[in-house]
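Asks: After the structure tokens below, expect a handful of questions from me.
The values are calculated or read from the model by the stated rules, or taken from the named source; none is laboratory data. All of these numbers come straight from a predicted model, not from anything done at the bench. Heads up, the Cβs are rebuilt from the backbone with ideal geometry, glycines too, and the neighbour counts pull from every protein chain shown.
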Amino acid sequence: MKYVDEYRDRAQAEGCARAIAAITTRPWSIMEVCGGQTHSIVRYGIDELLPEKLTLLHGPGCPVCVTPLELIDKALRIAARPEVIFCSFGDMLRVPGSGGDLFSVKAQGGDVRIVYSPLDALKLARENPQRQVVFFAVGFETTAPANAMAVFQAHAQKIANFSVLVSHVLVPPAIEALLSAPDNRTQAFLAAGHVCTVMGFEEYLPLAKKYRVPIVVTGFEPLDILQGILMCVRQLEEGRAEVENQYTRSVKREGNRPAQELMAKVFRVVARKWRGVGEIPRSGFGLRDEFAAHDAEARFGLVDYHVDEDSECISGQVLRGVRKPRECPAFGGRCTPERPLGATMVSSEGACAAYYQYRRHEQTSITAGKRS
Amino acid sequence: MADALNFAANCPLPLGNQDHVTLAHGGGGRMMHNLLERIVIPAFGNQPLASRHDGAVLDVGKGRLAFTTDSYVVHPLFFPGGDIGTLAVTGTVNDLAMCGARPLALSAGFIIEEGLPIATLERVVASMAATARAASVNIVTGDTKVVDRGKGDGLFVNTAGVGVVEHALCIAPTSVRAGDAILCSGDVGRHGVAVMAVREGLQFDSTIETDCAPLADPVLALIAARIEVHCLRDLTRGGLATSLIEIAESSRLHLAIDESAIAIDETVSGACEILGLDPLYLANEGRFVAFVPAAQAAEALEVLHGHAVSAGAACIGTVSESPAALVALKSRIGTRRILDMHSGEQLPRIC
């Protein structure tokens, strides 16, 4: 397939891996921010191609994983209401709240539907004027423009029965929270290519400078990731801390201006809770006052609803790269994709799910090997 | 007067030339009789069915009997390249073929929701008849029930099938041996994407059609060519990956497969990229894997290439004793990963 197969070429991947090995003289820890990159790494076994001195840490960039329990519970409560058609992207349906997930609400008679675009949810609202249509607006800067567009159109077309449950989070404040934490191990970042396609990368320049950390905007295919790692290692070895762009076929320095303008029209920057991490100031989006009529939390009286998170799940430490999924005592035992303790085991982009799906057997064979 | 009105409202009397199925069509009376006589029996026309008996009496000849059943609840009923009728025939024919059996006869059970357009039923029955003809099998007995509106999803179909096993091979996962070659009969993932595209209203540059097709011919050709077939499996729900994982687990053997040898249509592959789906786990309705001794792999491929439905067959991997009873995929970039069973249906991702 054009523009995909080229980035999965074996000879080039091996060449890139050799180049990384050739310039790596010291141990370095590099974090890929985005869950999509985590999955590519584990799925293609990219870490197996790297020298032992390099450690890849898996970052907080999975929108499903970082959505706080509180918001999942709010979604469950809204979705269970008889007048509501609750629309969500597919991978939110298995995320466990305090009492079940959206699938179980659906099984009990809730009208929960998978949509591929928030505009599909808006269409449902138009077609079902007697019902309340709620869209679960989850995601990073990548999904925010489409969600902003849905709210903007609902407002302009006076579609009063459409509202959004907003849980938008932003990458740069999360990177800053990681870097300023006392247990930070990350020395360089692969920034998320799709987020930067929307936002550009100017907002990363002060972070690289302030924390002396290389940041390379990186794509999602195996060759993208290997090249991003090569660029990070080169900077680390040379003592540079700059923002570089590996994903030039998609990302421009200034990003997508019309998308940014639309987001700014509909959303304002607010403090957001991150699952397993806690509240980060100025780390997400909320609706501006002009669009408050489309706020599902207000519409269904859930603004002051609060929930504390489970203490056994270490997803917060996994999301900050402090611990690997396999270091969790519950991994693969009390916590599996069928019975997840936390969202990192559920989402297709979650680090725990990636390790469970692609690496679980290796752990078994390693253990078996030791025994023999 | 009030009584007369109530009577009229409650009585499922036939109303003449209806174009929708009503509860009366399931009542066992004249309307049901007409429905069967007008639509079902002429479409499937064959001697055992024409006898209008409670069951069919079949001439089996020599050999062992293979017997299978499957129910079809696909939504939507129609999709590019097929419909619930084509699925209901090919699915059961293919299950028989995977036993190495020559399909002999099928039964067809219809559970119809009140209100289904008669034209829809006619279309489904016609494609069942056409598919059965293509698979050289007769639909010889059946059943029809009508359920209240809201108690079904338009139309459910159950088919059962019998086939004759005319060889002495034991075709089963437990017959797989180290040293076997794993042959896959064509590209994978088309049915899953075709159905999802219609169900979810997704549009791609070119329409993706289901691969739905009967597989008995290429399988019987393998056996006729004296290929020592150890195991066959059609790649339905769960796709290639799940089928191979099940075989690795039952045979307690290691299956090593090569990602670059597995064919995936370019549009299917593009759809999977957009939706975050893994084509190896998507459903197929006209694809199978065959485990044969490596020494016969080339000959088996030649046989498969002689049939349109398996013209794209390729060797995708090999079987060995060690290291473990699981499926290892060599990725395009040369690394290795273990294929694991998914816990449920794949869900399209956020971004």
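Asks: Restricting attention to the stretch A:13-30, does a residue exist that is more than 25 Å from A:VAL322 (Cβ to Cβ), crowded, with 17+ Cβ neighbours inside 10 Å and of a type in the set (Phe, Trp, Tyr)? Can you show your working first?
Replies: To start, the set of residues in the stretch A:13-30 that are more than 25 Å from A:VAL322 (Cβ to Cβ) comprises A:13-19, A:21-23, A:25.
With the extra rule that they be crowded, with 17+ Cβ neighbours inside 10 Å, the set shrinks to A:13, A:16-17.
Imposing the further condition that a residue be of a type in the set (Phe, Trp, Tyr) reduces the set to none.
Checking the stretch A:13-30: not a single residue is more than 25 Å from A:VAL322 (Cβ to Cβ), crowded, with 17+ Cβ neighbours inside 10 Å and of a type in the set (Phe, Trp, Tyr).
Asks: Output the number of the condition that A:CYS16 fails; it satisfies all remaining conditions of (1) in a helix (DSSP H, G or I); (2) within 14 Å of another protein chain (Cβ to nearest Cβ); (3) at pLDDT 95 or above; (4) farther than 18 Å from A:PHE220 by Cα.
Replies: Failed condition: (4).
Asks: Anything in the stretch B:115-158 that is of a type in the set (Val, Ile, Thr) and part of a helix (DSSP H, G or I)? List them, or say none. Reasoning before the result, please.
Replies: To start, the set of residues in the stretch B:115-158 that are of a type in the set (Val, Ile, Thr) comprises B:118, B:120, B:124-125, B:131, B:137, B:139-141, B:144, B:146-147, B:157.
Residues satisfying the conditions are B:ILE118, B:THR120, B:VAL124, B:VAL125, B:THR131.
Asks: Sticking with this one: From the list A:GLY59, A:GLY36, which residue is part of a strand (DSSP E or B), under 28 Å from A:GLY97 (Cβ atoms) and small (Gly, Ala, Ser)? Steps first, please.
Replies: Values: A:GLY36 fails: part of a strand (DSSP E or B).
One residue alone meets the criteria, A:GLY59.
Asks: Still on this model: Take the residues in the stretch A:319-359 that are within 14 Å of chain B (Cβ to nearest Cβ), touching a residue at least 12 places away in the same chain (Cβ under 8 Å) and farther than 26 Å from B:SER331 by Cβ; name whichever of them is surrounded by the most Cβ atoms within 10 Å (Cβ to Cβ).
Replies: A:ALA343
Asks: Residues that are within 24 Å of the chain's Cα centre (by Cα): list the helices (runs of 4 or more DSSP H) wholly contained in the stretch B:14-65 that include at least 2 such residues. Reasoning before the result, please.
Replies: Details: elements: B:30-35, B:41-44, B:47-50.
Counting at least 2 such residues, we get B:41-44.
Asks: Tell me, which residue of the stretch A:123-141 that is in contact (Cβ under 8 Å) with a residue 40 or more places away in the chain, within 14 Å of another protein chain (Cβ to nearest Cβ) and hydrophobic (A, V, I, L, M, F, W, C) is farthest from A:GLU83 (Cα to Cα)?
Replies: A:PHE140
Asks: Could you look through the stretch A:278-292, keep only residues that are buried (at least 16 other Cβ atoms within 10 Å of the Cβ) and in contact with a strand residue (DSSP E or B) (Cβ under 8 Å, 6 or more places away or on another chain), and pick out the one that is farthest from A:VAL166 (Cα to Cα)? Give the steps one after another, and end with the answer.
Replies: The first filter runs over the stretch A:278-292 and keeps only residues buried (at least 16 other Cβ atoms within 10 Å of the Cβ), leaving A:280, A:283-287, A:291.
Now narrow it down to the ones that are in contact with a strand residue (DSSP E or B) (Cβ under 8 Å, 6 or more places away or on another chain): A:280, A:283-287.
Values: A:ILE280: 16, A:SER283: 13, A:GLY284: 9, A:PHE285: 8, A:GLY286: 6, A:LEU287: 8 Å.
Checking each candidate, the answer is A:ILE280.
Asks: To continue, here is another question. For the stretch A:25-46, which residues satisfy the criterion of being of a type outside the set (A, V, I, L, M, F, W, C), under 11 Å from A:PRO222 (Cα atoms) and at the interface with chain B (Cβ under 8 Å from one of its Cβ atoms)?
Replies: Those that are of a type outside the set (A, V, I, L, M, F, W, C), under 11 Å from A:PRO222 (Cα atoms) and at the interface with chain B (Cβ under 8 Å from one of its Cβ atoms): A:ARG43, A:TYR44, A:GLY45.
Asks: Are any residues in the stretch B:195-229 part of a loop (DSSP other than H, G, I, E, B) and either of a type in the set (Val, Ile, Thr) or surrounded by 22 or more Cβ atoms within 10 Å (Cβ to Cβ) (or both), and if so, which ones?
Replies: Going through the stretch B:195-229, the residues part of a loop (DSSP other than H, G, I, E, B) turn out to be B:200-215, B:225-229.
Scanning the stretch B:195-229 gives B:THR207, B:ILE208, B:THR210, B:ASP211, B:CYS212, B:ALA213, B:PRO214, B:LEU215, B:ILE227, B:VAL229.
Asks: Follow-up question, since we're still on this one. In the stretch A:48-71, how many residues are within 14 Å of chain B (Cβ to nearest Cβ) and within 14 Å of the chain's Cα centre (by Cα)?
Replies: Of the residues in that region, 7 qualify.
Asks: Test B:LEU301 against the criterion of being modelled with pLDDT of 90 or more, more than 9 Å from chain A (Cβ to nearest Cβ), buried (at least 22 other Cβ atoms within 10 Å of the Cβ) and part of a helix (DSSP H, G or I), and give yes or no. Can you show your working first?
Replies: Details: modelled with pLDDT of 90 or more: yes; more than 9 Å from chain A (Cβ to nearest Cβ): yes; buried (at least 22 other Cβ atoms within 10 Å of the Cβ): no; part of a helix (DSSP H, G or I): yes.
Against the criterion (modelled with pLDDT of 90 or more, more than 9 Å from chain A (Cβ to nearest Cβ), buried (at least 22 other Cβ atoms within 10 Å of the Cβ) and part of a helix (DSSP H, G or I)), B:LEU301 does not qualify.
Asks: Determine whether the stretch B:238-248 contains at least one residue that is polar (S, T, N, Q), within 30 Å of B:SER322 (Cβ to Cβ) and not assigned by TED's automatic domain parsing to the domain that holds B:GLY91. Steps first, please.
Replies: The initial filter retains those residues of the stretch B:238-248 that are polar (S, T, N, Q), namely B:242-243.
Adding the requirement that they be within 30 Å of B:SER322 (Cβ to Cβ) leaves B:242-243.
The next check asks that each one be not assigned by TED's automatic domain parsing to the domain that holds B:GLY91; those that pass are B:242-243.
Yes, the stretch B:238-248 contains a residue that is polar (S, T, N, Q), within 30 Å of B:SER322 (Cβ to Cβ) and not assigned by TED's automatic domain parsing to the domain that holds B:GLY91.
Asks: Another one. For a quick check of your reading of the model, give me the residue pairs whose first member lies in the stretch B:298-309 and is among the hydroxyl-bearing types (Ser, Thr, Tyr), whose second is surrounded by fewer than 20 Cβ atoms within 10 Å (Cβ to Cβ) and in a helix (DSSP H, G or I), with beta-carbon atoms closer than 9 Å and at least 6 apart or on different chains.
Replies: Once the first residue is among the hydroxyl-bearing types (Ser, Thr, Tyr) and sits in the stretch B:298-309, no partner that is surrounded by fewer than 20 Cβ atoms within 10 Å (Cβ to Cβ) and in a helix (DSSP H, G or I) comes close enough.
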